[in-house]
Amino acid sequence: MNQEDLFKKLIAHSKEYGYIFPSSEIYDGLGAVYDYGQNGVELKNNIKKYWWDSMILLNENVVGIDSAIFMHPTIWKASGHVDAFNDPLIDNKDSKKRYRADVLIEEELGKIEGKMDKEIEKAKNRFGDSFDEKIFRETNPRVLEYQQKWDDLHTRFAEALNNSDLVELKQIIEDNEIVCPVSGTRNWTDVRQFNLMFSTEMGSTADSSLKIYLRPETAQGIFVNYLNVQKTGRMKIPFGIAQIGKAFRNEIVARQFIFRMREFEQMEMQFFVRPGSELSWFEHWKEIRIKWHKALGFGESNYRFHVHEKLAHYANAAVDIEFKFPFGFKEVEGIHSRTDFDLSQHQKFSGKKIQYFDPELNESYVPFVVETSIGVDRMFLQILSASYCEEEIDAGDGKKDIRVVLRLPAPLAPVKLAVMPLIKKDGLPEKAREIMNELKFEFYCQFDEKDSIGKRYRRQDAIGTPFCVTVDHQTMEDNTVTIRYRDTMEQERVPISQLKSMISEKVNLKRLFEKLM
Ligand code: GAP
């Protein structure tokens, strides 16, 4: 299956199985806003728990907060968002569609990468086991030509971004003959800056109302609570404050499903450190965070670090963790060394002293900050794309069938266990209910008695339930059931009394945390 088809199938599957619905669908939807359905919300909550517990339980010096979405508007002046939280936009005059100029160029770079990958794939198939990718990349004339083209475009693009040179960005688009995906033409406007913050009014009368912003990141809620947490928690540097919450951005390019949304959720952690130690803490958190992703078992080669070409106004080092989505490697998480920029700015704009007295140094300073920032929704998409699988299976009588299965890591799966009476009589449903009533306090279980057992297994495969337990006539005699494993489809006969411990052991988040230690 090609990657474009896979992505379309993922979107359809998400809707069909209650993971993600377009927002306001009965009113024809709202651009780049999505709702999470009955299974989606469970997966999302499990992702958040995986992140939250890995921050708060595994690090004695990280605590959490939950700050308000509405904040004093001066915060956004101090943070630089009012003046500089912009994206370079460009319009196509024929289709009237609006694009981010930097994204158009990044997509062009992605296309060149795709051509190189195709050459490598072809050679891999031709040479089999004797294929050496490194040598091929260094010697194949076509790959070298693509690489040179990529390097030239990349260097020029990075320079234009670093200098915020909008004229050069347009020139790059023209020189590379980048066309509008809708009209197919190169009839572009100039590139302009566009502020991404949503604003609204707070207060009841026109005279007294205040223009406030919907937060575009959760981080500022942490910075403005630094003193509160440090003092009330008697925190000693280095320490971190973590938060999960909604963020809002009026994205120009709102495509790619839940990858780029206008309302989304972030999981951010600000780690406050002694000035001068920030770059070693930056390395520390880089390692911790990539391990957290890889613990899910989606394969080492699906991740890479991407060092920022253009550092944000507040950063002295920044890297993205990228995941290989069906539409290529894209950012899931950012790790930024934000210096003392934010706290210093809030000190300046609020007039309040925001410092830390370091007893070891016997001096006060504005702490430096290393931030880890990940989008819940992008993490969700990462997990869905890595888990979605179509496989050919035997349907009996020499026939083949396609099984769609979400191979979700068991600790993250929405439903952990489906309990099924083989038939709807002979006391089997009652026995199945008994089992369910015992286990439902431990993990999310579903009771399913409709349709044939095969159909019920398929339904559970499609939503990623790792275990199905079937109650049959033998159960009534010896208190055993069959447990069926989603990934292998193997079945095993086990005593009911062992179910709780068998399943708990596999679905507990502890299984993932052990890989982080
Ligand atoms: N506090 C730093 C910050 O907000 P960012 O790189 O702009 O940094 C961090 O955002 C993460 O938030 C990204 O890596 C991504 O996972 C997520 N994110 C950002 N914009 C998003 C959007 N429009 N839709 C979904 N997720 C988004």
Check: Mind checking which pairs have a first residue in the stretch 500-517 that is touching a residue at least 24 places away in the same chain (Cβ under 8 Å) and a second that is aromatic (Phe, Trp, Tyr) and open to solvent by less than 40 Å² (accessible area, probe 1.4 Å), Cβ under 7 Å, 6 or more apart or different chains?
Finding: ILE503/PHE443; ILE503/PHE467; VAL507/PHE443; LEU509/TYR50; LEU512/TYR50; LEU516/TRP292
Margin query: On the basis of being modelled with pLDDT of 95 or more, more than 20 Å from LYS44 (Cβ to Cβ), of a type in the set (A, V, I, L, M, F, W, C) and surrounded by 15 or more Cβ atoms within 10 Å (Cβ to Cβ), does ALA418 make the cut?
Written below: yes
Check: When the residues of the stretch 25-80 are filtered to those that are among the β-branched types (Val, Ile, Thr) and more than 25 Å from ALA312 (Cβ to Cβ), which remaining residue is surrounded by the most Cβ atoms within 10 Å (Cβ to Cβ)?
Finding: ILE47
Note to self: Looking only at the stretch 329-358, count every residue that is over 30 Å from LYS294 (Cβ atoms) and either modelled with pLDDT under 95 or of a type in the set (Lys, Arg) (or both) and tell me the total.
What the structure shows: 3
Notebook entry, point to check: How many residues does the stretch 71-110 contain that are touching a Lys or Arg at 6+ places or on another chain (Cβ under 8 Å) and over 18 Å from GLU251 (Cα atoms)?
Noted result: 3
Notebook entry, point to check: Given (1) farther than 30 Å from ALA12 by Cα; (2) more than 12 Å from the ligand (Cβ to nearest atom); (3) assigned to a strand (DSSP E or B); (4) not polar (S, T, N, Q), where does ALA318 come up short, assuming only one miss?
Noted result: (2)
Checklist line | Enumeration of residues in the stretch 209-265 that are away from the ligand (no atom under 13 Å from the Cβ) and part of a loop (DSSP other than H, G, I, E, B) | finding: SER209, VAL224, ASN225, GLY233, ARG234, MET235, LYS236, ILE237, PRO238
Item checked: Residues (assigned to a loop (DSSP other than H, G, I, E, B), polar (S, T, N, Q) and surrounded by fewer than 12 Cβ atoms within 10 Å (Cβ to Cβ)) located in the stretch 185-208 -> SER204, THR205, SER208
Item checked: Looking only at the stretch 332-371, and only at residues there that are buried (at least 18 other Cβ atoms within 10 Å of the Cβ) and among the acidic types (Asp, Glu), the one that is nearest to GLN220 (Cα to Cα) -> ASP342
Note to self: Of all residues being over 20 Å from the mean Cα position of the chain (by Cα) and among the charged types (D, E, K, R) in the stretch 321-349, which is farthest from the ligand (Cβ to nearest atom)? Just the residue, please.
What the structure shows: LYS348
Notebook entry, point to check: Hey, LYS399 hits all of (1) modelled with pLDDT of 95 or more; (2) out of contact with any strand residue (DSSP E or B) (no Cβ under 9 Å at 6 or more places or on another chain) but one; which does it fall short on?
Noted result: (1)
Next item on the list: Could you check LEU361 against (1) free of Cβ contacts under 8 Å to residues at least 60 places away in the same chain; (2) more than 16 Å from the ligand (Cβ to nearest atom); (3) part of a loop (DSSP other than H, G, I, E, B) and say which number it fails?
Entry: (1)
Note to self: Suppose we filter the stretch 194-208 for residues that are more than 16 Å from the ligand (Cβ to nearest atom) and not charged (D, E, K, R); how many remain?
What the structure shows: 8
Check: Of everything in the stretch 321-340 that's touching a Ser or Thr at 6+ places or on another chain (Cβ under 9 Å) and either part of a strand (DSSP E or B) or among the small types (Gly, Ala, Ser) (or both), which residue is nearest to ASP5 (Cα to Cα)?
Finding: PHE325
Next item on the list: Kindly establish whether GLU107 is assigned to a helix (DSSP H, G or I), surrounded by 15 or more Cβ atoms within 10 Å (Cβ to Cβ), at pLDDT 90 or above and not hydrophobic (A, V, I, L, M, F, W, C).
Entry: yes
Check: In the stretch 209-242, what residues are closer than 17 Å to HIS72 by Cβ and open to solvent by less than 20 Å² (accessible area, probe 1.4 Å)?
Finding: ILE212, ARG215, PRO216, GLU217, THR218, ALA219, GLN220, GLY221, ILE222, PHE223, TYR226
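The values are calculated or read from the model by the stated rules, or taken from the named source; none is laboratory data. As the structure is a prediction and not an experimental result, all values here were calculated from the model. Positions of Cβ are generated from backbone atoms using ideal geometry, with glycine treated the same way; all protein chains shown enter the neighbour counts. Quick note on the areas: whole protein, heavy atoms, side chains included, nothing else; ligands and nucleic acids left out. Shrake-Rupley method; radii C 1.70, N 1.55, O 1.52, S 1.80 Å.
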